[in-house]
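Got a structure here, written out as structure tokens. Questions coming.
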Amino acid sequence: MAPLLFVNPRSGDGRVDELVGEAAARKIRTHVLGEDDDLATLAREADADALGMAGGDGSLADVAAVAIERGLPFACVPFGTRNHFARDVELDRDDPVAALDAFVDGRERVIDVGRANGRVFLNNVSLGAYAQLVHHREHHRRRRHAFARLQSLAIAATHRTPAGFTLEGAPIDTRVVLVSNNAYTLDVLSIGDRDRLDEGKLYLYAPAGLLRSSWEGRAGERFTVGASSGTLPAAVDGDPELLETPIEFTIEPRALRVLLPRRPRS
């Protein structure tokens, strides 16, 4: 068997042919995704000894979840816009070709994954106003309408629409909840990086203070987040999802074998 790399052609600034050619030179098989492809099904049925994904943060978790199911290593090739996961595993986000070396001369790092109602996430899940913005943005993207990139966390932190959130059944006064796989550095305008991916802890954050200008966080191995509605818009690793409430968040320690290039990022 040989490794198989899935490629999202809607990522990568049109560099798909270059990436596929570089992969072929390393004897890495590739599958460029079509509109009707079911990524998880393809990954489950693939005859491969390692699975990889070239795409943005939102497409990584589907392949990573199958890699966990099958006990296979997983490789991330940064090919999206933000590539937060690639940053946190110390890949060069501007050099997807270099990440291909993980398949041919790689080292293995074992990390945690989070789950939201059983669905794997590698980075975080946001609920509330920010998630609504992500859903709105995706709606316009699909209709090919132009939109400006929003400083979404800043807007969400001061959003006035209540969500009726509960935590472990008790009401919490917030309009935004962020649940992350291990701890982030946060400020009101952005999500920072993570020092660890193997602490075995989830972190739940909500804006704090009268002006919502900072974040309060707590650590745990499980959180149950409810809302006033039966379903809740969510942004799972930046992609829009609709999750049934209450949402059960759990951590799966050291579940994912990540292949990385042997030479660290310079």
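The values are calculated or read from the model by the stated rules, or taken from the named source; none is laboratory data. Note that the structure is predicted; figures quoted are calculated from it, not measured. Methodologically, a virtual Cβ is constructed for each residue, glycine included, from the backbone with ideal geometry; neighbour enumeration extends over all protein chains shown.
How many of the residues in segment 99-126 are within 19 Å of residue 176 (Cα to Cα) and acidic (Asp, Glu)?
Result for segment 99-126: 0.
Could we say that residue 49 is in a loop (DSSP other than H, G, I, E, B) and either at pLDDT 95 or above or surrounded by 13 or more Cβ atoms within 10 Å (Cβ to Cβ) (or both) here?
no
Tally up the residues in segment 183-221 that are at pLDDT below 80 and either of a type in the set (Ser, Thr, Tyr) or in a loop (DSSP other than H, G, I, E, B) (or both), please.
Number satisfying all stated conditions: 9.
Kindly provide the set of residues from segment 228-258 that are surrounded by 17 or more Cβ atoms within 10 Å (Cβ to Cβ), in contact with an Asp or Glu (Cβ under 8 Å, 6 or more places away or on another chain) and part of a loop (DSSP other than H, G, I, E, B), ordered by number.
Of everything in segment 228-258, those that are surrounded by 17 or more Cβ atoms within 10 Å (Cβ to Cβ), in contact with an Asp or Glu (Cβ under 8 Å, 6 or more places away or on another chain) and part of a loop (DSSP other than H, G, I, E, B) turn out to be 237, 238.
Residue 228: small (Gly, Ala, Ser), at pLDDT 95 or above, assigned by TED's automatic domain parsing to the domain that holds residue 128 and closer than 21 Å to residue 246 by Cβ, yes or no?
no
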